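Undergrad: To start, I am sharing the structure in question, which I have written as structure tokens.
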Amino acid sequence: MAATGLSAARGHGVATLIQAATLAALWLAWEALARSGLFFEGVVPSSLKVARALAGILVDPALYGALLVTGTEVAAALAIGCGLGIAFGLVGAAVPILGEAYERYIHYLAPTPKIIFLPILLLLFGVGAGMKIAMGALSAFFPMAIATLSGLRQVDPVLVRVGRSFHLTRRQMALKIYLPAALRSVLTGLRLSFGFALVGVLLAEIKMSNRGLGFMAIQFYNHMEIAELYALLLVIFALAAVVNGLIGRLTPRT
Amino acid sequence: MRPATILGAATLLAAALALEALVGAGLLPTYIFVRPSTMLATIGDLFREEDLAGRFLLTFSSTFLSAGLATVVGVPVGWALYRYRVLSAAYAGGIAALASAPLILLYPLFLVAFGRSQATIVAMGFLVGVVAVILKTEEGLIEVRPVLRAVGSSFRLTRAQLFWKIELPATVPAIFSGIRLALVFALINVVGIEFLINFGGLGQLIADLADRYETAGMYAAILFVIIVSVVFFWMTEKLERWLRPA
């Protein structure tokens with residue numbers, strides 16, 4: 001392999017150098033594009049403009065209001081979607097014929113684009129938080145259901161026998177033996193579910209809503225405030241990465 | 001048939017029949033719910049009146065174009081990351097982070113650059129697919145069995161021969177896993193963006209029918225998209241298993 005000749009530390013240094021050079025090159029290319037006039041005015045705003053817009057929206061109370069709305073909806077969507085997903089996993093693992101019967105439907109429905117259900121949710125819940133939470137919950141359910149079921153199926157049979165020998169009830173078995181043993185899978189499911197719930201809620205806000213971060217983004221787009229749009233997307237991606245990292249940190253390493 | 005398969009199919013059938021009965025008896029409001037029999041019958045109307053076949057082709061051509069571009073770009077990049085490990089050290093973390101980022105939210109930016117057009121849809125499909133192809137290609141090349149490379153060396157193959165005769169064929173199943181993921185991600189995003197920007201094939205049809213309050217047609221279109229995507233995922237999965245017998 002190419003890196004064998006390099007010492008590990010030197011390889012690491014070179015990698016950092018490449019990273020820095022790439023970022024610098026991307027930034028220069030971006031600025032060149034912004035100034036080139038190749039694009040219709042404002043499509044590629046200069047980084048200075050984006051930085052200014054970022055500072056602007058960070059001090060704007062509207063951002064925090066929207067963040068609160070979206071955050072609450074994502075949290076509610078996660079609670080509902082993951083709760084149902086874990087319940088599906090527990091029942092499917094406890095009664096194998098049920099797990100086997102419905103797993104394939106879950107498996108194949110999981111990757112279908114959930115956003116197409118939005119018109120149905122709109123009919124059911126009207127425009128508002130209910131529709132957005134339902135969209136997020138629907139998106140969050142599938143990864144959690146799949147992760148929990150597969151995690152529970154891999155629980156060490158020795159642990160199950162220990163639980164049985166202590167005459168644990170079904171509830172105790174679920175809470176004390178199965179869920180802790182499947183914790184890794186459940187947390188992996190939670191990370192995926194978070195991503196899907198966030199996308200579900202934000203897309204619902206973008207498509208039909210009048211509150212939240214998604215609505216804020218599409219307002220910027222509609223008013224052609226492109227630097228602000230970039231800045232807001234940066235904020236959203238950074239927040240998503242932070243939450244992702246936090247859940248990753250909770251996940252026990254083996 | 002296995003009992004579990006029968007149970008699953010029976011549940012689905014029972015749910016459809018229950019919905020049919022409840023809507024038929026007027027227990028569920030018809031402006032929200034539609035009888036499954038009406039949905040199925042309306043799919044026929046969609047073929048006749050809304051050019052469902054044409055839209056199907058449009059959505060799938062966008063999907064295949066996105067995944068094709070993702071393959072053309074992703075395989076060489078994945079190979080470069082494998083060949084020059086320092087590049088992998090520099091970029092793999094960032095690429096993996098992209099894989100878990102909510103990329104679909106970038107669509108307004110592409111909309112700004114390309115307008116409401118096929119280009120926006122394909123660009124988004126490409127973006128979500130290329131990450132998967134890169135990561136799977138690199139992973140596949142790393143996992144080529146050392147004994148195969150040893151055979152190559154014992155025949156004194158050049159670096160290029162080693163790649164074309166040994167490494168690439170051994171990596172085909174992994175690359176196909178990447179292409180399959182690219183197809184799946186691309187389809188999800190293509191339909192989603194079509195729906196969101198009200199442009200293009202199947203996704204646009206759903207948005208359009210919903211806007212026109214054609215509830216039965218909307219349900220029929222959603223059902224059609226679900227059936228089509230499930231069949232598509234199932235087929236690509238079978239193909240992947242066939243390519244990867246282990």
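Laboratory data are not the source of any read-out in this text; all were calculated from the coordinates shown. Only a predicted model underlies this, so the values are computations on that prediction, with no experimental measurement involved. In this analysis, Cβ positions are derived from the backbone assuming ideal geometry, glycine residues included, and neighbour counts consider all displayed protein chains.
Undergrad: Can you work out which of the residues in the range A:53-71 that are exposed (fewer than 15 other Cβ atoms within 10 Å of the Cβ) and part of a helix (DSSP H, G or I) is farthest from the other protein chains (Cβ to nearest Cβ)?
TA: Taking the range A:53-71 as the starting set, the residues that turn out to be exposed (fewer than 15 other Cβ atoms within 10 Å of the Cβ) are A:55-56, A:58-62, A:64-65, A:68.
From what's left, part of a helix (DSSP H, G or I): A:55-56, A:58, A:61-62, A:64-65, A:68.
Working: A:55: 20, A:56: 18, A:58: 19, A:61: 23, A:62: 18, A:64: 19, A:65: 19, A:68: 19 Å.
Residue satisfying both the conditions and the ranking: A:61.
Undergrad: Every residue in the range A:93-127 that is in a loop (DSSP other than H, G, I, E, B), more than 7 Å from chain B (Cβ to nearest Cβ) and closer than 25 Å to residue B:181 by Cα, please.
TA: So the first thing to find is which residues in the range A:93-127 are in a loop (DSSP other than H, G, I, E, B), and the list is A:95, A:110-113, A:126-127.
Next, only the ones that are more than 7 Å from chain B (Cβ to nearest Cβ) stay: A:95, A:110, A:126-127.
Across the range A:93-127, the qualifying residue is only A:110.
Undergrad: Out of (1) in contact with a Ser or Thr (Cβ under 8 Å, 6 or more places away or on another chain); (2) at the interface with chain A (Cβ under 10 Å from one of its Cβ atoms), what's the single condition that is false for residue B:86?
TA: (1)
Undergrad: Would you mind stating whether residue A:146 is touching a His at 6+ places or on another chain (Cβ under 7 Å) and either assigned to a helix (DSSP H, G or I) or not aromatic (Phe, Trp, Tyr) (or both)? Please lay out each step first, then the result.
TA: Numbers: touching a His at 6+ places or on another chain (Cβ under 7 Å): yes; either assigned to a helix (DSSP H, G or I) or not aromatic (Phe, Trp, Tyr) (or both): yes.
When the stated conditions are applied, residue A:146 passes them.
Undergrad: Go through the range A:211-254 and give me each residue that's touching a helix residue (DSSP H, G or I) at 6+ places or on another chain (Cβ under 9 Å), more than 21 Å from residue A:57 (Cα to Cα), more than 9 Å from chain B (Cβ to nearest Cβ) and assigned to a helix (DSSP H, G or I).
TA: The answer is A:247, A:248, A:250.
Undergrad: Turning to a different aspect of this structure: Given the options B:227, B:222, name the one that is within 9 Å of chain A (Cβ to nearest Cβ), within 17 Å of the chain's Cα centre (by Cα) and β-branched (Val, Ile, Thr). Walk me through how you get there before you give the answer.
TA: Numbers: B:227 fails: within 9 Å of chain A (Cβ to nearest Cβ).
Matching residue, one of B:227, B:222: B:222.
Undergrad: Hey, another quick one. Quick one: count up the residues across the range B:34-89 that are of a type in the set (Ser, Thr, Tyr) and within 30 Å of residue B:17 (Cβ to Cβ).
TA: Just the residues of the range B:34-89 that are of a type in the set (Ser, Thr, Tyr), to begin with: B:37-38, B:42, B:59, B:61-63, B:66, B:71, B:82, B:84, B:88.
So of that shortlist, the ones also within 30 Å of residue B:17 (Cβ to Cβ) come out as B:37-38, B:42.
Qualifying residue count for the region: 3.
Undergrad: Got a sec? Which of B:210, B:216 is away from chain A (no Cβ under 11 Å), within 27 Å of residue A:127 (Cβ to Cβ) and hydrophobic (A, V, I, L, M, F, W, C)?
TA: Working: B:210 fails: away from chain A (no Cβ under 11 Å).
Of the residues listed, the single one that is away from chain A (no Cβ under 11 Å), within 27 Å of residue A:127 (Cβ to Cβ) and hydrophobic (A, V, I, L, M, F, W, C) is B:216.
Undergrad: Hey, another quick one. If a residue must be touching a Phe, Trp or Tyr at 6+ places or on another chain (Cβ under 7 Å) and either farther than 14 Å from residue A:71 by Cα or buried (at least 21 other Cβ atoms within 10 Å of the Cβ) (or both), how many such residues does the range A:207-243 contain? Talk me through it step by step, then tell me what you get.
TA: First, the residues of the range A:207-243 that are touching a Phe, Trp or Tyr at 6+ places or on another chain (Cβ under 7 Å): A:209, A:228-229, A:232, A:243.
Then keep just the ones that are either farther than 14 Å from residue A:71 by Cα or buried (at least 21 other Cβ atoms within 10 Å of the Cβ) (or both); that gives A:209, A:228-229, A:232.
Total meeting the criteria: 4.
Undergrad: Checking residue A:136 against (1) farther than 27 Å from residue A:44 by Cα; (2) among the small types (Gly, Ala, Ser); (3) in contact with a Phe, Trp or Tyr (Cβ under 9 Å, 6 or more places away or on another chain); (4) within 10 Å of another protein chain (Cβ to nearest Cβ), which test does it fail?
TA: All conditions pass for residue A:136, except number (4).
Undergrad: Still on this structure, please answer the following. Inside the range A:144-159, can you point out the residues that are surrounded by 11 or more Cβ atoms within 10 Å (Cβ to Cβ) and more than 24 Å from residue A:82 (Cα to Cα)?
TA: Correct list: A:159 only.
Undergrad: What's the number of the condition residue B:154 fails, among (1) surrounded by 15 or more Cβ atoms within 10 Å (Cβ to Cβ); (2) more than 13 Å from every other protein chain (Cβ to nearest Cβ)?
TA: With respect to (1) surrounded by 15 or more Cβ atoms within 10 Å (Cβ to Cβ); (2) more than 13 Å from every other protein chain (Cβ to nearest Cβ), residue B:154 is out only on (1).
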